[in-house]
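Worksheet: one structure, shown below.
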Amino acid sequence: MSPAESPVTQLTNQELDQTQKYVIASFAAIVWYNSIELIALCLTTFKRYRGWYFWSLFIASCSLIPHGLGFIFFIYPLGVSAYVSVTLIIVSWVCMVTGHSLILWSRLHLVVQARKLLRFLLVMILVDAIVFHIPTTVLLYGALEPNRDRFANGYKVMEHIQLIGFAVQECVISSIYIWETSKLLRLRPDRLHYTILTQLLGINIIILILDVAVVGIEYANFYALQVMFKPVAYSIKFKLEYAILGKLIQIARVSLSSDEPLSSNSQGADLSSSTQVSSQGNVAPDHEIPVLRSCSFCAFCTGFRKHGRHRSRV
């Protein structure tokens with residue numbers, strides 16, 4: 001993308017070669033497939049449809065479909081108004097990006113018990129959403145107007161700023177999770193816990209690598225490819241959430257027999273010593289799964305299918 005060329009004009013039909021169109025269409029197909037799979041996983045994994053974690057994951061997964069559709073309408077000459085296309089892109093982009101940050105934040109409750117830190121991170125997410133989403137939205141709509149040069153140049157700058165801003169936000173939350181997980185590795189030296197927590201650490205590192213990849217493609221001047229690679233990267237991140245959930249459930253099951261806290265903070269969690277695990281690994285239906293003291297904040301307290309019930313232990 002040349003210095004004088006705006007991202008908006010680069011996405012028009014005239015600015016893309018045939019290879020880029022094929023790549024963008026392929027990315028869109030991958031995003032839609034992953035979105036449908038994620039929605040099905042979300043609805044079949046959770047027993048109760050409530051809580052920060054469930055709704056963040058569900059809405060973010062649903063947003064992938066209109067996000068890809070908006071760019072297809074915008075890029076290809078299908079007779080759809082540019083304002084309709086941009087509206088689909090903006091609304092789904094907000095749900096996808098801020099939704100993912102809320103997913104990371106709600107999951108953080110399992111390993112962090114410092115309420116001030118959790119509240120600070122939530123405020124950070126909300127402030128960043130206002131600071132980055134609103135100006136980008138205004139500039140993008142303005143870039144569709146006939147006299148759009150000033151808006152287009154502003155959008156070009158804001159696009160880089162918001163991309164870096166949200167990437168840093170996700171890296172901060174993921175880094176805190178990685179740090180707390182590494183502390184758990186030191187607290188639980190047994191081989192099983194070490195293996196599970198190492199896998200959790202690896203998954204979160206992959207999420208960080210995806211953030212870096214999105215930023216790298218943007219700054220390599222492949223904007224047209226970046227806009228469709230980004231939802232692909234987010235769909236992969238959402239899929240990795242289910243891998244993380246599986247590992248967290250494994251930790252919870254193993255902890256039942258030892259009555260250990262799930263958090264690296266010894267005051268953070270309270271496990272029920274009466275909870276039993278069957279030989280097949282399922283929690284007995286009449287017992288509890290471990291929950292955090294901050295149950296009113298913890299979205300994982302919505303529970304999972306076939307994993308028993310629980311109550312808040314304040």
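So, in nm, how far is label PHE222 from label SER175 when the simple model puts each one 7 Å beyond its Cα toward the Cβ?
Here the answer is 2.6 nm between the modelled labels.
Taking 0.36 nm per residue of separation and subtracting the Cα-Cα distance, what length does fully extending ALA29 through TYR242 add? It would help to have the intermediate numbers written out before the result.
Working: separation 213, 0.36 × 213 = 76.68 nm, distance 2.13 nm.
Length gained, ALA29 through TYR242: 74.6 nm.
May I ask you to sort TYR223, TYR22, TYR141 by Cβ crowding, counting other Cβ atoms within 10 Å and putting the fewest first? Each step should come with its number before you reach the end.
Values: TYR223 21, TYR22 11, TYR141 17.
Arranged by neighbour count, lowest to highest, TYR223, TYR22, TYR141 become TYR22, TYR141, TYR223.
Taking the Cα centre of segment 26-176 as origin, work out the dipole magnitude from +1 charges on Lys and Arg Cβ and -1 charges on Asp and Glu Cβ, in debye rounded to 20. Present the calculation step by step, with values, prior to reporting the outcome.
Working: 10 positive and 6 negative charges, 128 e Å.
Dipole about the Cα centre, nearest 20: 620 debye.
By how many nm would the segment from ALA40 to ILE206 grow when fully extended, if each residue of separation counts as 0.36 nm and the alpha-carbon distance is taken off? The partial results should precede the final answer.
Numbers: separation 166, 0.36 × 166 = 59.76 nm, distance 2.33 nm.
Fully extending the segment from ALA40 to ILE206 adds 57.4 nm.
Specify the inter-centroid distance of segment 42-84 and segment 201-236, based on alpha-carbon positions, in whole Å.
After rounding, the separation between the Cα centres reads 18 Å.
Whole-Hz ³J(HN,Hα) for each residue in segment 54-66, computed from phi via Karplus 6.51 cos²θ - 1.76 cosθ + 1.60 with θ = phi - 60°, x for glycine and proline: what do you get?
Listing the rounded values in order: 4, 5, 5, 5, 5, 5, 5, 5, 5, 5, 5, 5, x Hz.
What distance in nm separates the simple spin-label points at TYR49 and THR87, each placed 7 Å from Cα in the Cβ direction?
Calculated label separation equals 2.5 nm.
Please list 3J(HN,Hα) in residue order for segment 155-166, calculated via the Karplus relation 6.51 cos²θ - 1.76 cosθ + 1.60 where θ = phi - 60°; whole Hz, with x for glycine and proline.
5, 4, 5, 5, 4, 5, 5, 5, 5, 5, x, 5
Run the reach check for LYS239 against lysines, Cα to Cα strictly under 30 Å, same-chain hits fewer than 8 apart removed. What comes back?
LYS239 reaches LYS21, LYS47, LYS116, LYS183, LYS230, LYS247, LYS306.
Throughout, read-outs are computed from the coordinates displayed, never taken from laboratory work. Since this is a predicted model, take the numbers as computed values, not measurements. Methodologically, a virtual Cβ is constructed for each residue, glycine included, from the backbone with ideal geometry; neighbour enumeration extends over all protein chains shown.
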